Structure formats: structure tokens, C-alpha cells
Amino acid sequence: MYKNQRNFLLIKLVITNLKTMKKFIASSILVLAFAAVSFGQATDQATATATIVIPMTITKTIDLNFGSLVPNTGGTVVVTPAGGRSATGTVVLFGGIVSAASFDVTGSGTSTYAITLPTTDHTISSGGNNMIVNNFQSTPSGTGALVGGAQTLTVGATLNVVSVHPVSTYTNAVGFDVTVNYN
């Protein structure tokens, strides 16, 4: 019996140790599983935001006017964005109202904006007679910057004059496009 009792106690000790080891292993697995989850991922939040700004506008305040001239055998008349006027060829400048086109540009604060001018010829007419306006230039040129939400944009161009233009006022009711867009 003594031997059986000893074997029984030994078996009981082994079983108790196995139960303790099982609990330890199960606890370790659980700890590792939760540790892997909590150290393996992280969560944070971000907000979404949108800012609505006022639309950009452009309003013509003054038309482009090349003034009065005598064509002679032809040439060009240039009105600069600053409103200066010069002639080439045999064109003689003869007073009249001279002005660069002027536009009021408005928008948001101190935003910058792109300026798009005509890149093709613009025709002005009197009856069946035509003259070509091209080489549009502006101040500011290419990109403008609003100050307090506003800026004045001026546009000049070149008038191509030939000798056969009869005396008259040449114009185009449609006008030419100047476009501004936020950058």
C-alpha cells in the first residue's frame, strides 16, 4: 500500500502541477492575445472641414478706346494697360478719348487669381469694313492679387490699321472676354 499510496501522491502531484501549468499557459495566452491587440493597433479621429468663399467677380468699368486717328498708309495703334497710346507706320494720332479697358475684380480677402486674355484676333467693324485688335496685355499680367478683396485690372491691345479704312467709328457690340479664376 505504501507503494500505491506513494504512486497515488505522485500522480496527484503531477495532475495538480499539470492543472496549474494549464492555468498558467491559458492565462499567458490570454495576456498575449490582448497585448497583441492593444499594441498592434491604434485609433484616432480627424474632422472634415470645408470653407465657402465668395465667388470671384469681374465687372467692366471702362471700355478699350484707341481714340481718333488718321490711317494714311497704315500701321498700328497701341494702347497700353496704363492707358498710354503710341502709333507705328504712317498712322497719325488725332486726339479723341483714349483708354485702356478697366475691370473691377472682387473676391475673397488676399487671394490670388489667374487672368485669361483673348489669344485670337478681335474684329471691330463699321458697316462692311473691319479692323483687327490683338496682342492683348494686362496689368497685373498673368496673375493678380486681391487687396482687401478687390483689385483693378486694366487691359490694353494693338489696333491694326490699313489705309483703306473709311472715316467712321469702328466697334464690336459683343466685346472681348477677360476671365479671372482663383488660383
Next on the checklist: I'd like to check something: does the stretch 84-97 contain any residue that is under 19 Å from the mean Cα position of the chain (by Cα) and either part of a strand (DSSP E or B) or at pLDDT 95 or above (or both)?
Outcome noted: no
Item to check | Criterion (closer than 17 Å to Thr61 by Cβ, under 26 Å from the mean Cα position of the chain (by Cα) and without any contact (Cβ under 8 Å) to a residue 60 or more places away in the chain) met by exactly one of Thr120, Thr139, Thr143, Thr179 | outcome: Thr139
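For (1) of a type in the set (Gly, Ala, Ser); (2) more than 21 Å from Val174 (Cα to Cα); (3) touching a residue at least 24 places away in the same chain (Cβ under 8 Å); (4) assigned by TED's automatic domain parsing to the domain that holds Asn172, each residue gets a yes or a no:
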{"site": "Thr61", "(1), (2), (3), (4)": "no, no, yes, yes"}
{"site": "Asn65", "(1), (2), (3), (4)": "no, no, yes, yes"}
{"site": "Leu69", "(1), (2), (3), (4)": "no, yes, yes, yes"}
{"site": "Gly74", "(1), (2), (3), (4)": "yes, yes, yes, yes"}
{"site": "Thr80", "(1), (2), (3), (4)": "no, yes, yes, yes"}
{"site": "Gly83", "(1), (2), (3), (4)": "yes, yes, yes, yes"}
{"site": "Ser86", "(1), (2), (3), (4)": "yes, yes, no, yes"}
{"site": "Val92", "(1), (2), (3), (4)": "no, yes, no, yes"}
{"site": "Val98", "(1), (2), (3), (4)": "no, no, yes, yes"}
Checklist outcome for this item: Scanning the stretch 125-159 residue by residue, the ones that are farther than 30 Å from Tyr182 by Cα and surrounded by fewer than 18 Cβ atoms within 10 Å (Cβ to Cβ) total 7
Item to check | Residue that is nearest to Gln137 (Cα to Cα) [pool: residues in the stretch 72-116 that are surrounded by fewer than 16 Cβ atoms within 10 Å (Cβ to Cβ) and hydrophobic (A, V, I, L, M, F, W, C)] | outcome: Ala82
Checklist outcome for this item: Picking from Thr47, Thr110, Thr119, Thr51, the residue that is among the hydroxyl-bearing types (Ser, Thr, Tyr) and either under 17 Å from Asp177 (Cα atoms) or part of a strand (DSSP E or B) (or both) would be Thr119
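The values are calculated or read from the model by the stated rules, or taken from the named source; none is laboratory data. Computed from a prediction, not measured in an experiment: that's the story for all the values here. All Cβ positions, glycine included, derive from the backbone under ideal geometry; neighbour counts span all protein chains shown.
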